[in-house]
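The values are calculated or read from the model by the stated rules, or taken from the named source; none is laboratory data. Since the structure is predicted, the reported quantities are computational estimates derived from the model, not experimental observations. Note that each Cβ is placed from the backbone with ideal geometry, even for glycine, and that neighbours are counted across all protein chains shown. Just the protein is used for accessible areas: all its heavy atoms, side chains included, with ligands, DNA and RNA removed. Shrake-Rupley method; radii C 1.70, N 1.55, O 1.52, S 1.80 Å.
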Amino acid sequence: MTPGHANPVEIHYRREGDGAPVTLLHGVGSSLEVWDGVVRALSGCAVLRMDLRGHGNSDKPPGPYRLDDFVRDLAGIYDRLGVERSHLAGFSLGGIIAQAFALAHPEKVDRLILISAAAGRTPAEQARARERSRAVTAVGAKQHARNSAGRWFTEAFRQSHPDIVAQHFRRFTANDPAAYSAAYQVLAESDLARQLTGIRQPTLIITGEHDIGSTPRMAELMHRQIAQSELRILPGLKHALLLEAPAQIAALIQQFITPASTRA
């Protein structure tokens, strides 16, 4: 593992493993560690993870942030490390960034994986996203995290893995309030549904059956918009797929990026 940074905004990243290059982008309020369980279950991959601006050990410049800022940050990491092309997986906000990056830099993306991502919000869903964004500013990260537990995790997982849930929300409450709010606004306001027909890469779209923020309807819309796409709706799960089902997510990624000719 090699932590490092890229200017002008210092972006903390980690590289590990050998094999097919795979880049992983986390969601709002999180950090690159949220992918730990997935990475442990992946094999034959050279994994690149990064803390998005405003998160983890990356710089936390004052907002507002724009979706293009996150796209430029990733492009800067690729330039610094000499990454010419990589599979790209994004979770939640990371999934929206991955959509935008694939549209802006198609030559740098091999296969695209969108996990618990959003696109094509209805007016009611857009209103709820904006209300959550306002709530982040009004009540702060700690209370917002408490309010989000039921939306993110199934009740069974909360009961059986309280340590994982607690650790996840400790990470949320440690966020810089202004940076968290600025990033959440990007999540709430960004919607690339009309542009997704421009994505030409083979794409895997995954969401939980009971995810109310990145709904199966949104996933189905993305599937229709992206010509070379596959859709997986995971039964019984909500939003926190990287934590509730890391082995399942890793297996889906592994199968999707492995050439058919080399599969056992």
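Scanning the stretch 70-88 for residues that are acidic (Asp, Glu) and surrounded by fewer than 20 Cβ atoms within 10 Å (Cβ to Cβ) turns up 79, 84.
In summary, residue 145 fulfils each of the numbered conditions (1) at pLDDT below 90; (2) more than 19 Å from the chain's Cα centre (by Cα) with the single exception of condition (2). Of all residues in the stretch 180-221, those satisfying the criterion of being hydrophobic (A, V, I, L, M, F, W, C) and touching a strand residue (DSSP E or B) at 6+ places or on another chain (Cβ under 8 Å) are 199, 204, 205, 206, 218, 219. Beta carbons closer than 7 Å, at least 6 apart along the sequence or on distinct chains, pair a first residue in the stretch 152-165 that is in a helix (DSSP H, G or I) with a second that is open to solvent by 70 Å² or more (accessible area, probe 1.4 Å) for 165/158. Annotation note: of 211, 191, the sole residue that is under 24 Å from residue 256 (Cβ atoms) and acidic (Asp, Glu) is 211.
Does the stretch 197-209 include one or more residues that are touching a residue at least 12 places away in the same chain (Cβ under 8 Å), open to solvent by 10 Å² or more (accessible area, probe 1.4 Å) and assigned to a helix (DSSP H, G or I)? The answer is yes, given that some residue of the stretch 197-209 is touching a residue at least 12 places away in the same chain (Cβ under 8 Å), open to solvent by 10 Å² or more (accessible area, probe 1.4 Å) and assigned to a helix (DSSP H, G or I).
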